[in-house]
Amino acid sequence: MSTTPRIAIVGAGLGGLVCARVLKQHGLPVTVFERETDPHSRSQGGTLDIHEDTGQVALRAAGLFDQFLALSRPESQEWRLYDRHATLIRHDQAVDGDLSRPEIDRGQLRTLLLDSLAPGTVRWGHSVRAVTPLPHGTARLHHHNDTVEDFDLVIGADGAWSRVRPALSDAPPSYAGVTMVETHFDDVDHRHPGIAHLVGPGTMSAKAGRRSLVMQRNSNGHVRAYITFRGPQDWHAGLDLADTEAVRARLLAQYQGWHESLLDVLRGNDGGFVNRPMFVLPVPHTWQRVPGITLLGDAAHLMPPAGVGANLALLDGAELAQAVIGRPTIDEALDAYESAMLPRAVDNAKTAQQMLATLMPDSDSDDAAFPDTLWPTSTLPDSRRAHIS
């Protein structure tokens, strides 16, 4: 490019940060705007399996693959499937030396990316209200304090409820008919041996009809559990979600008849419950090119959690940065990036929808078997896509 482009990334999630890292590696200045006040203002969520053909490709491009491996847990690739009677139906054990999908805590991966950036790259506590295109292919960023800044490229990496997306698309996220209620267990091997036995070193799922229980082992003896069911978004009508015992009673009623060891997921948790309704964008979700503005990750392709969301966000971020670096103009870079990203997103979103329909059917059949084509990539949250801004 004849001049150094002014680049803004909205959102300091995994996709936005890896994009910033690759751009910085090649000498392009970039500013990341993040509404959170600091890196520790909220929990970053659970564990992620980083795939060798997507997320790992991005981390290699960012020069962070070895650091990722040092933090990852290959042994957590193990999966266990139970029916509602706690009968083990399937057990896929981790194979020594298998690095195809090692797990890592989302917070650890985000910290790795943040530490790779120069101080000041991320502007914390800077909410973006909107983005508008300007003549000559530039874009204007509108901050919540009513100030504005102009850039040659604005990248919306701000997740499900993106403030950048309306500049490209008027498609709103819609409720997918499924809700996840999150809870957790600490020091699980000592304080919750029954839970530790069920989950093992990796992930477990128990399923019957429109309901499932999923648990994922994180680092340091921490386990996150996701109570997942098909039903109306207002399933908690008349219930105070801050009333842990009332929520527990409502959930236990839904899982009546399940084995006592599985009901301990609802009865013995540490802390309360967090309601996470699942939202999705329409499929296909595409847009007409708008010069100077694009999207990545959930902002571009919010889909049911099928083990690919964080991986696609990482790959989006790396490929977008590489397109900007390797093309003579921003417009050509966006053509190259979107022509690859959008079809890939549509394919993955269709698969994720099919998985959701199979795993969370409308009927209440007691068949707990997962089709082989869905095992084991099809369980649960790898991002904050269910959070409401």
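The values are calculated or read from the model by the stated rules, or taken from the named source; none is laboratory data. What you see is a predicted model, and the numbers here were worked out from it, not measured in a lab. Cβ: placed from backbone, ideal geometry, glycine included. Neighbour counts: every protein chain shown.
Values for this structure:
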| quantity | calculated |
| --- | --- |
| Among the residues listed as R106, R42, R110, the single one being in the same structural domain as S127 (by TED's automatic domain parsing), touching a strand residue (DSSP E or B) at 6+ places or on another chain (Cβ under 6 Å) and within 24 Å of T183 (Cβ to Cβ) | R106 |
| Qualifying residue in the stretch 245-254 (condition: among the hydrophobic types (A, V, I, L, M, F, W, C), under 14 Å from Y82 (Cα atoms) and crowded, with 17+ Cβ neighbours inside 10 Å) | no |
| Failed item in (1) more than 23 Å from A313 (Cβ to Cβ); (2) free of Cβ contacts under 8 Å to residues at least 24 places away in the same chain, with I227 passing the rest | (2) |
| Subset of the stretch 328-367 [farther than 30 Å from L134 by Cβ, charged (D, E, K, R) and either in contact (Cβ under 8 Å) with a residue 12 or more places away in the chain or part of a loop (DSSP other than H, G, I, E, B) (or both)] | K350, D362, D364, D366, D367 |
| Members of the stretch 255-287 found to be in contact (Cβ under 8 Å) with a residue 12 or more places away in the chain, polar (S, T, N, Q) and surrounded by fewer than 16 Cβ atoms within 10 Å (Cβ to Cβ), listed by number | S261 |
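One line per residue, one yes/no per condition, for (1) assigned to a strand (DSSP E or B); (2) of a type outside the set (F, W, Y); (3) modelled with pLDDT under 95:
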| position | (1), (2), (3) |
| --- | --- |
| S162 | no, yes, no |
| Y175 | yes, no, no |
| V178 | yes, yes, no |
| T183 | yes, yes, no |
| H190 | no, yes, no |
| G194 | no, yes, no |
| K207 | yes, yes, yes |
| L213 | yes, yes, no |
| Q216 | yes, yes, no |
